[in-house]
Amino acid sequence: MIPQPTAQQALADETFLLAADATIGLDDPSAQLIADRFAAQLRRSTGYDLPVRDGTGTITLSVNGPESLGAEGYELRADASGVTITAATAEGLFRGVTTLRQLLPAKAEADSQQDGPWEIAGTTISDSPRYEYRGMMLDVSRHFFTVDQVKRVIDLLSLYKINRLHLHLSDDQGWRIQVDSWPNLTAHGGSLQVGGGEGGSYSKAEYADLVQYAAEHYITVVPEIDTPGHTNAALASYAELNKGDQAPELYTETEVGFSSFAIDKDVTYAFLDDVFREVAEQTPGELLHLGGDEAHSTEHTDYLTFVAKATELVVKNGKRVMGWHEIADGPLPADTVVQYWGTEDPKAQVLAQKAVEQGASLVLSPANRAYLDMKYDASTELGLDWAGLVSVEQSYSWNPATLVPGVPASAIIGVEAPLWTETVDDVSKIEYLVFPRLPGIAELGWSQESALDWTAYRDRLAEQGPRWEVLGVNFYRAPEIDWR
Ligand code: TNX
């Protein structure tokens, strides 16, 4: 199983058999959608009726579980008489059902009827996460991905108890979210993508649909509007945002660091206030990410001025600031979340320390470990290699609590695996880079430190292969793993 639960015990001589007359019971309407979706999947693969009803069932989902395991914690018991999952919240139940899906045979994930038996070895599990933030980032700017493509990613992420989807919604190559007060951002700024092909963007209705679908999978969307660099698409859409009032051409190559907002123009901040307001209105989560990375074309003093003003505008619009670690060189609002993407670079480490000194929390995305766009090895065709080659072992074998020297474990609120998409233009390529590395980052975020062990993880990862085959996931069959 991935991520490894906090505590699991086998019940010797007990086996649960899901039979044709099984039922699914729930004791609270907040669990209805969870039960319905789970039942629908099992109906497809087993062919059984699996009615969902109030009260107890062969499989019982109860929200009257212990508060002590927190909002995402749950307990699960499978024995000859049935399966019970208890949690204090619907979210905890959802995590527990995710575990139950992994306890069932892989073919339970199929979308056509399969032969049983549908057995689970008797077990008790008590489980809750190590970190509150367990994310993946998808860059929809370099290449655009449709709502349906992102939903497919959400389906797969939720299998590993990921609870944040960071969407990189703007960059030099494309602006991907509708902003009513600045319509040319999408009309012009969203029209292309890397390589010069047709881009795209999310209307407000489409974006709301994505946010809702993620929420139904207990994943909070963290929107990113990258500033003050990585802004060519916005600069190309509105001449007044440029230092010389001259709009550049759209850009479809992959260099970084050439664009910057005009730091001393009032219109820059009026623009950002509008954008942050409209994006915040579409964001049920508390975080709004303002980028801040690689602003190589912004004077450093200007950069610091910008960060002070832009962070204030995020707060003014009711959100908590998140940004890449460069922003920590400037003054930060009290409860900022700083995303560390450094490798072993002392400059990045100092910025992480500066963030913590200012009271910020850290999400860790070390590029030489957690970047899903790095090549696995020298023969990988997709991806980049500026942070090194990132094998499955390399991406799994690190400890978030001790990664950054001089940063106390208490400052770390989680981990995130970013997928930049300069070389990625369809879902099968997403899947190839994400699997099998993402489950390892998910485990670093969820499982207790004592559970982390490469040799044991390798075997558990191998067991996921048949699941991905059933789900049609184009995963990389890394030679490090003895795939089943
Ligand atoms: C650096 S890491 C970037 C992105 C690129 C990525 C490619 C960071 C915050 N910025 O603009 O897409 O490298 O790996």
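The values are calculated or read from the model by the stated rules, or taken from the named source; none is laboratory data. Nothing here was measured: the structure is a model prediction, and the numbers come from that model. Don't worry about glycine lacking a Cβ; one is built from the backbone with ideal geometry, like all the others, and counts go over all protein chains shown.
Only residues in the range 421-433 that are assigned by TED's automatic domain parsing to the domain that holds residue 256 and closer than 22 Å to residue 192 by Cβ count as the first member; pair them with residues that are within 16 Å of the ligand (Cβ to nearest atom) and among the basic types (Lys, Arg), Cβ under 8 angstrom, at least 6 apart or cross-chain, and list the lot.
Close Cβ pairs (under 8 Å, with a partner that is within 16 Å of the ligand (Cβ to nearest atom) and among the basic types (Lys, Arg)) amount to 421/142; 422/142; 423/429; 424/142.
Being assigned to a helix (DSSP H, G or I) and either of a type in the set (D, E, K, R) or within 16 Å of residue 348 (Cα to Cα) (or both) is the filter here; which residues of the range 275-303 pass it?
Step one: filter the range 275-303 for residues assigned to a helix (DSSP H, G or I), giving 275-281, 300-303.
Result: 277, 278, 281, 300, 302.
Starting from the range 327-341, keep only residues that are hydroxyl-bearing (Ser, Thr, Tyr), then list their pairs with residues that are away from the ligand (no atom under 16 Å from the Cβ) whose Cβ atoms are within a distance under 6 Å, requiring at least 6 positions of separation or different chains.
336/360
Report, by residue number, each residue of the range 172-231 that is of a type in the set (Val, Ile, Thr) and touching a residue at least 40 places away in the same chain (Cβ under 8 Å). Let's see the steps before the verdict.
As a first pass, look at the range 172-231 and keep what is of a type in the set (Val, Ile, Thr): 177, 179, 186, 194, 211, 219-222, 225, 227, 231.
Once the filter is applied, which keeps residues that are of a type in the set (Val, Ile, Thr) and touching a residue at least 40 places away in the same chain (Cβ under 8 Å), the range 172-231 yields 177, 179, 194, 211, 219, 220, 221, 222, 225, 227, 231.
One line per residue, one yes/no per condition, for (1) surrounded by 14 or more Cβ atoms within 10 Å (Cβ to Cβ); (2) assigned by TED's automatic domain parsing to the domain that holds residue 308; (3) under 24 Å from residue 305 (Cβ atoms); (4) charged (D, E, K, R):
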{"position": "212", "(1), (2), (3), (4)": "no, yes, no, no"}
{"position": "228", "(1), (2), (3), (4)": "yes, yes, yes, no"}
{"position": "235", "(1), (2), (3), (4)": "yes, yes, yes, no"}
{"position": "253", "(1), (2), (3), (4)": "no, yes, no, yes"}
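Would you mention how many residues in the range 282-293 are crowded, with 16+ Cβ neighbours inside 10 Å and farther than 19 Å from residue 176 by Cβ?
Taking the range 282-293 as the starting set, the residues that turn out to be crowded, with 16+ Cβ neighbours inside 10 Å are 282-283, 285, 287-293.
Filter again for farther than 19 Å from residue 176 by Cβ, leaving none.
Matching residues across the range 282-293 total 0.
Condition (residue is within 24 Å of residue 431 (Cβ to Cβ), of a type in the set (Phe, Trp, Tyr) and within 11 Å of the ligand (Cβ to nearest atom)) applied to the range 322-332: is it met by at least one residue? Give the derivation first.
Just the residues of the range 322-332 that are within 24 Å of residue 431 (Cβ to Cβ), to begin with: none.
No, that holds for no residue.
Any residue at all in the range 86-97 that is within 16 Å of the chain's Cα centre (by Cα) and under 30 Å from residue 196 (Cβ atoms)?
No.
What helices (runs of 4 or more DSSP H), lying completely within the range 320-426, carry at least 3 residues that are surrounded by fewer than 17 Cβ atoms within 10 Å (Cβ to Cβ)?
Working: elements: 346-357, 367-370, 392-396.
Ranges flagged: 346-357.
Can you confirm whether residue 267 is surrounded by fewer than 22 Cβ atoms within 10 Å (Cβ to Cβ), in a helix (DSSP H, G or I) and of a type outside the set (Asp, Glu)? Steps first, please.
Values: surrounded by fewer than 22 Cβ atoms within 10 Å (Cβ to Cβ): yes; in a helix (DSSP H, G or I): yes; of a type outside the set (Asp, Glu): yes.
When the stated conditions are applied, residue 267 passes them.
Here is a list: 377, 373. Which entry is within 22 Å of residue 461 (Cα to Cα), of a type in the set (Asp, Glu) and away from the ligand (no atom under 14 Å from the Cβ)? Write out each step before concluding.
On the way: 373 fails: away from the ligand (no atom under 14 Å from the Cβ).
Going through 377, 373 in turn, just one is within 22 Å of residue 461 (Cα to Cα), of a type in the set (Asp, Glu) and away from the ligand (no atom under 14 Å from the Cβ): 377.
Only one of 146, 123 is farther than 30 Å from residue 400 by Cα and of a type in the set (Ser, Thr, Tyr); which? Spell out how you get there, then give the answer.
Numbers: 123 fails: farther than 30 Å from residue 400 by Cα.
None of the other options fit; the residue is 146.
Can you pull out every residue in the range 438-484 that is among the basic types (Lys, Arg) and not assigned by TED's automatic domain parsing to the domain that holds residue 414?
First, pick out the residues of the range 438-484 that are among the basic types (Lys, Arg): 458, 460, 467, 477, 484.
If the condition is that a residue be among the basic types (Lys, Arg) and not assigned by TED's automatic domain parsing to the domain that holds residue 414, then 477, 484 are the ones that fit.
Give 78, 110, 87, 106 a once-over and let me know the one that is of a type in the set (Gly, Ala, Ser), buried (at least 21 other Cβ atoms within 10 Å of the Cβ) and touching a residue at least 40 places away in the same chain (Cβ under 8 Å). Walk me through how you get there before you give the answer.
Values: 110 fails: buried (at least 21 other Cβ atoms within 10 Å of the Cβ); 87 fails: touching a residue at least 40 places away in the same chain (Cβ under 8 Å); 106 fails: buried (at least 21 other Cβ atoms within 10 Å of the Cβ).
Among 78, 110, 87, 106, only 78 is of a type in the set (Gly, Ala, Ser), buried (at least 21 other Cβ atoms within 10 Å of the Cβ) and touching a residue at least 40 places away in the same chain (Cβ under 8 Å).
Any residue at all in the range 343-359 that's on the phi < 0 side of the Ramachandran plot, touching a Lys or Arg at 6+ places or on another chain (Cβ under 7 Å) and away from the ligand (no atom under 12 Å from the Cβ)? Step through it out loud before you land on a result.
First, the residues of the range 343-359 that are on the phi < 0 side of the Ramachandran plot: 343-358.
Those left that are additionally touching a Lys or Arg at 6+ places or on another chain (Cβ under 7 Å): none.
Taking every residue of the range 343-359 in turn, none turns out to be on the phi < 0 side of the Ramachandran plot, touching a Lys or Arg at 6+ places or on another chain (Cβ under 7 Å) and away from the ligand (no atom under 12 Å from the Cβ).
Among the residues that make up the range 193-200, is at least one of them modelled with pLDDT of 95 or more and touching a helix residue (DSSP H, G or I) at 6+ places or on another chain (Cβ under 6 Å)?
Applying the first criterion (modelled with pLDDT of 95 or more) to the range 193-200 yields 193-200.
Cutting the leftovers down to touching a helix residue (DSSP H, G or I) at 6+ places or on another chain (Cβ under 6 Å) gives us none.
No: the range 193-200 contains no residue that is modelled with pLDDT of 95 or more and touching a helix residue (DSSP H, G or I) at 6+ places or on another chain (Cβ under 6 Å).
Restricting attention to the range 107-159, report how many residues are in a helix (DSSP H, G or I), small (Gly, Ala, Ser) and over 18 Å from residue 20 (Cα atoms). Spell out the reasoning first.
Kept after step one, since they are in a helix (DSSP H, G or I), are these residues of the range 107-159: 107-109, 147-158.
Applying the additional criterion that residues be small (Gly, Ala, Ser) yields 108, 158.
Now restrict to residues that are over 18 Å from residue 20 (Cα atoms): 158.
Counting residues in the range 107-159 that are in a helix (DSSP H, G or I), small (Gly, Ala, Ser) and over 18 Å from residue 20 (Cα atoms) gives 1.
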